[in-house]
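Participant: Encoded as structure tokens, here's the structure I'll be asking about.
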Amino acid sequence: MEFPKENFSGWYNEVVEAAGLVDKRYPVKGMHVWRPYGWKIMGNIDSYFRKIFTEYGHDEVNFPLLVPETEFKKEAEHIRGFEDEVFWVTHGGLDPLDVKLILRPTSETAMYPMFSLWIRSHADLPLKVFQIVNIFRYETKQTRTFIRMREVHFFEAHTVHRTYDEAEEQIQEDIEIWKKIAKKLALPYRIVKKADWDKFPGAVYSLGVETIMPSGRTLQIATFHQYGQNFSRPYGIRYLKEDGTHEYAHQTTFGMSERLLGAIVGIHGDDRGLILPPEIAPIQVVIVPIVGSKKERVLEESKVLYQEIKDSGFNVHLDDRDNYTPGYKFYDWELKGVPLRLEIGPRDLENNQVVLVRRDTGEKISVKREEYLDMISKLLEDIQKNLLSRAEAEMNDKIKYMESIEDAKSFSGVASVNWCGSEECGRLIEEKTDKKIIGSPLDEHRPGRCVICGKETNILAFVAKPY
Ligand code: ZN
């Protein structure tokens with residue numbers, strides 16, 4: 001069976017279930033059940049987050065899910081950004097609560113009252129913590145697996161610093177961390193500065209990491225926010241300086257979510273289903289014995305191969321299911337996106353070889369037994385690199401510089417246009433293209449004239465339809 005990817009939206013909705021990532025039949029809108037295979041992939045991504053953030057000096061914490069209304073309402077802009085999308089807990093049993101509670105839509109308002117108790121002096125800074133939890137948002141738009149959900153698997157890092165400049169350095173470090181994550185997940189991206197009216201509620205400014213799905217729509221897969229003192233003031237996060245005076249701290253956050261998995265599914269998959277980057281694949285190599293006339297010997301040899309591959313440190317699975325044909329098994333593991341398939345049959349036994357099949361290119365390689373472990377290692381590295389480089393090429397094709405608003409409107413990808421940076425012109429760009437300014441690329445500038453007012457500028461705006 002094939003899944004035609006031309007109709008991307010239908011393809012995506014079908015493949016996330018067919019490949020065993022989620023079950024969408026759970027009877028609450030926007031809350032899907034993670035099935036074991038999907039949860040393992042997410043778990044591998046989370047493990048990497050734990051490893052890399054720990055390396056960069058963050059500690060993992062775990063805050064309560066519920067936040068009192070009184071704490072939630074301390075920062076005015078933050079409330080305005082979130083009040084229409086939080087779930088409320090109003091009763092305990094049959095009794096109305098004195099202070100209503102919200103399910104965290106993000107954890108600033110849960111963490112910062114505690115930060116104000118933890119931080120006393122400059123010696124307590126920087127504070128760098130993260131947590132991997134679920135958050136809740138009352139989405140009224142159409143929901144979509146991993147991309148727009150009411151319950152979201154979420155990563156959030158929160159840092160507290162002495163000065164604005166130190167917080168800025170943190171954001172540079174966040175970008176460095178992100179680059180490693182992107183390589184691990186084989187995801188192409190651009191970092192943009194969000195328009196002022198589109199920044200995170202309460203932030204001084206926000207950066208978004210944007211990728212482009214095959215539909216041409218952009219998907220924001222990570223964010224970095226500079227809070228300055230906007231939260232430390234209402235939450236009273238102060239520290240004693242070396243000179244004996246008190247000062248409000250400066251803060252940043254770094255957020256990511258299960259959207260990363262949505263991007264991996266959408267960007268790498270093909271008509272046969274998922275293609276997983278080897279670095280995060282729960283199964284990197286699947287062995288499919290083709291028993292033919294020598295069932296016992298082939299199965300015996302398959303077990304030897306399984307052990308050898310496992311001992312070499314790869315995630316391997318032996319599909320020795322009796323009641324399925326090899327053809328069915330091929331289809332099944334292709335759908336699940338396993339990067340490498342190893343086939344072994346009677347003739348391979350005779351020739352002292354195995355056959356390796358790449359999921360990304362379909363290429364079949366016969367390799368001698370003495371060399372096959374090295375070949376597995378080499379091919380997995382190749383697949384990882386190939387997925388990223390072809391995704392980068394596809395993304396580059398979807399971003400085009402345009403000089404007129406009409407071209408930007410009709411383009412199906414991301415139009416890059418000159419923009420003077422004013423809110424007035426920005427709003428008009430959005431109105432006239434019926435798209436959004438997803439931000440200004442951080443490292444790209446080009447001299448030209450604002451597509452609305454004609455003023456000379458080298459600022460660019462990415463104009464697209466975001467998810
Ligand atoms: Zn302008």
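Participant: Can you tell me which residue in the stretch 295-339 is nearest to residue 372 (Cα to Cα), limited to those that are among the basic types (Lys, Arg) and surrounded by fewer than 17 Cβ atoms within 10 Å (Cβ to Cβ)?
Facilitator: Step by step, filter the stretch 295-339, then rank; the result is 310.
Participant: Follow-up. Restricted to the stretch 420-467, and to residues that are within 16 Å of the ligand (Cβ to nearest atom), within 14 Å of residue 210 (Cα to Cα) and of a type in the set (Gly, Ala, Ser), which residue is least open to solvent (accessible area, probe 1.4 Å)?
Facilitator: Looking at residues that are within 16 Å of the ligand (Cβ to nearest atom), within 14 Å of residue 210 (Cα to Cα) and of a type in the set (Gly, Ala, Ser), I get 461.
Participant: Given the criteria surrounded by 14 or more Cβ atoms within 10 Å (Cβ to Cβ), at pLDDT 95 or above and more than 16 Å from the ligand (Cβ to nearest atom), does residue 417 qualify?
Facilitator: Answer is no for this residue.
Participant: Among (1) touching a strand residue (DSSP E or B) at 6+ places or on another chain (Cβ under 6 Å); (2) free of Cβ contacts under 8 Å to residues at least 24 places away in the same chain; (3) assigned by TED's automatic domain parsing to the domain that holds residue 78, where does residue 243 come up short?
Facilitator: Of everything listed in (1) touching a strand residue (DSSP E or B) at 6+ places or on another chain (Cβ under 6 Å); (2) free of Cβ contacts under 8 Å to residues at least 24 places away in the same chain; (3) assigned by TED's automatic domain parsing to the domain that holds residue 78, residue 243 misses just condition (1).
For (1) under 25 Å from the mean Cα position of the chain (by Cα); (2) farther than 30 Å from residue 243 by Cβ; (3) among the aliphatic types (A, V, I, L, M), each residue gets a yes or a no:
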site: 95; (1), (2), (3): no, yes, no
site: 98; (1), (2), (3): no, yes, no
site: 101; (1), (2), (3): no, yes, yes
site: 106; (1), (2), (3): yes, yes, no
site: 111; (1), (2), (3): yes, no, yes
site: 118; (1), (2), (3): no, no, no
site: 121; (1), (2), (3): no, no, no
site: 131; (1), (2), (3): yes, yes, no
site: 134; (1), (2), (3): yes, yes, no
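Participant: Look at the stretch 23-52 and say how many of its residues are assigned to a helix (DSSP H, G or I), touching a strand residue (DSSP E or B) at 6+ places or on another chain (Cβ under 8 Å) and open to solvent by less than 50 Å² (accessible area, probe 1.4 Å).
Facilitator: Result for the stretch 23-52: 4.
Participant: Just one of the numbered conditions (1) touching a strand residue (DSSP E or B) at 6+ places or on another chain (Cβ under 8 Å); (2) of a type outside the set (Gly, Ala, Ser); (3) away from the ligand (no atom under 16 Å from the Cβ) is not true of residue 378; which one?
Facilitator: Of (1) touching a strand residue (DSSP E or B) at 6+ places or on another chain (Cβ under 8 Å); (2) of a type outside the set (Gly, Ala, Ser); (3) away from the ligand (no atom under 16 Å from the Cβ), only one is false for residue 378: (1).
Participant: What are the residues in the stretch 192-218 that are open to solvent by 20 Å² or more (accessible area, probe 1.4 Å) and closer than 23 Å to residue 424 by Cα, if any?
Facilitator: Listed by number, the residues that qualify are 193, 194, 196, 197, 198, 199, 200, 201, 204, 205.
Participant: For residue 189, which of the numbered conditions (1) touching a helix residue (DSSP H, G or I) at 6+ places or on another chain (Cβ under 7 Å); (2) open to solvent by less than 30 Å² (accessible area, probe 1.4 Å) fails to hold?
Facilitator: It fails just one condition, (2).
Participant: If you check residue 149 against the conditions, is it under 30 Å from residue 24 (Cβ atoms), surrounded by 21 or more Cβ atoms within 10 Å (Cβ to Cβ) and in the same structural domain as residue 204 (by TED's automatic domain parsing)?
Facilitator: Criteria met by residue 149.
Participant: Only one of 85, 17, 77, 55 is open to solvent by 30 Å² or more (accessible area, probe 1.4 Å), under 26 Å from residue 111 (Cβ atoms) and at pLDDT 95 or above; which?
Facilitator: 55
Participant: For the stretch 79-98, give me each residue that is touching a residue at least 12 places away in the same chain (Cβ under 8 Å) and part of a loop (DSSP other than H, G, I, E, B).
Facilitator: Those that are touching a residue at least 12 places away in the same chain (Cβ under 8 Å) and part of a loop (DSSP other than H, G, I, E, B): 86, 87.
Participant: Next up: Tell me the residue from 110, 157, 167 that is part of a helix (DSSP H, G or I), touching a residue at least 24 places away in the same chain (Cβ under 8 Å) and closer than 18 Å to residue 62 by Cα, please.
Facilitator: None of the others qualify; the one that does is 110.
Participant: Is it the case that some residue within the stretch 391-411 is within 12 Å of the ligand (Cβ to nearest atom) and either over 23 Å from the mean Cα position of the chain (by Cα) or surrounded by fewer than 21 Cβ atoms within 10 Å (Cβ to Cβ) (or both)?
Facilitator: yes
The values are calculated or read from the model by the stated rules, or taken from the named source; none is laboratory data. Everything quoted here is computed from the prediction, not taken from an experiment. Quick reminder, even Gly has a Cβ in these numbers, built from the backbone with ideal geometry, and neighbours come from all protein chains shown. The area values use the complete protein model at the heavy-atom level, side chains included, leaving out ligands, DNA and RNA. Shrake-Rupley method; radii C 1.70, N 1.55, O 1.52, S 1.80 Å.
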